[in-house]
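Structure record follows, encoded as C-alpha cells.
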Amino acid sequence: MFKRYIDSRKLQMPTPEQALPGRSAPMRIHNRHHVNGNPLQPPFPAGMDQIVLGLGCFWGAERKFWQLPGVYTTAVGYSAGHTPNPTYEEVCSGLTGHNEVVLVVFDPAVITLEEILRVFWQAHDPTQGMRQGNDVGTQYRSGVYTFNDAQQRIATNLLQQYQAKLLQSGYESVTTEIQPAGPFYYAEDYHQQYLAKNPGGYCGLGGTGVCFD
C-alpha cells in the first residue's frame, strides 16, 4: 500500500500550493565543465545559443550532448516546476514539479538546433509520460524548454515529424512537453558530468530505435 501511494503521488504534478517552499539561495557549484573545461554558468561567449532538454535521468542525458561537435557546454539542473532552488532529494520527492534537465549551450554556426533535437528525440522514448524506463516520476518526463518563438516552431515541427515515424512503428503518441523555458536551477556538483566522473555509473536512457531518416 505504501509503495502504491508513493508511486501515485510522484506521477502527479503538484500545484504551486502543494509544492515545497525551496529557498532563495542558489546552488553553489564548481563553474567548470569536467570534460571540456568551459564554464557551466553564464556569461557565455557571444553568438552561443541554448536550449533546455528533459529526457529522463540527467546523468545519461547530459553525456548525449557534451559529445556533440559545436556544443560549448552542458550542465544538469532542475526546471519546469515550482520550487525555487530545489535540492535533488526535493525533486525526487515529487513535490517540486521540476524536471531533471540538461542545459545545452551550442554554437549555431557549427551545430543546428534541429540536429540537437534529433539527438534528443532519438535518445529516449518520448511516449512514456511521467517516466523513462524504470525511472518513474514527474522529474523523468520528456520536455523541450525554449528561449524564443523560432525555437518553439522548430521543436514543434520536429515533434510532429517524429510523432508520425513513431506511430508508423507502433508506438503511442508523443508526450513531450514543449514550452518556454523558465528558471534553470543548477543541480549539485556531484551530478554535473556525472558519467565522466563515474564511467561505470547508472544510465537508464534508451531510445525507441526509430530514426528520423
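Taking the chain as a Gaussian network, Cα atoms linked when under 10 Å apart, which of G143, G200, G54 shows the biggest mean-square fluctuation? Largest GNM mean-square fluctuation: G200.
Charge tally around N99: other residues with Cβ under 14 Å, Lys/Arg +1 each, Asp/Glu -1 each, net -2.
Between V35, V174, V52, the Gaussian network model of the chain with springs among Cα atoms under 10 angstrom shows the greatest mean-square fluctuation at V35. Centroid-to-centroid, using Cα positions, the range 1-70 and the range 92-109 are 4 Å apart.
Indicate, rounded to the nearest 5 percent, the antiparallel portion of the DSSP beta bridges found entirely in the chain.
On the way: 21 of 25 bridges.
Taking every DSSP beta bridge within the chain, about 85 percent pair in antiparallel fashion.
As a test of the formula, what do you get for the chain when each DSSP H run with n ≥ 4 contributes -39,500 (n - 2.57) and the sum is divided by the residue count, at 222 nm and rounded to the nearest 500 deg cm²/dmol? All intermediate terms of the calculation are to be shown ahead of the outcome.
On the way: 6 runs with 57 residues, N = 213.
Rounded to the nearest 500, the figure is -7500 deg cm²/dmol.
If you take all other residues with their beta carbon under 9 Å from the beta carbon of M27, and give Lys and Arg +1 and Asp and Glu -1, the sum is -1. Annotation note: chymotrypsin sites (Phe, Trp or Tyr not before Pro) in the range 20-91 located in DSSP loop regions with a Cβ neighbour count of at most 10 within 10 Å are absent.
Sort the range 150-213 into rounded, prolate or oblate with this rule: let a ≥ b ≥ c be the square roots of the eigenvalues of the Cα gyration tensor; rounded if a/c is under 1.5, and if a/c is not under 1.5, prolate when a/b is larger than b/c, oblate otherwise. Could you put the intermediate results ahead of the total?
Values: a/c = 3.03, a/b = 1.45, b/c = 2.09.
The shape class here is oblate.
Every number in this text was worked out from the coordinates using simple rules, so none of it is lab data. Not measured: the values here are computed from a predicted model. Cβ atoms come from the backbone with ideal geometry, glycine included; neighbour counts cover every protein chain shown.
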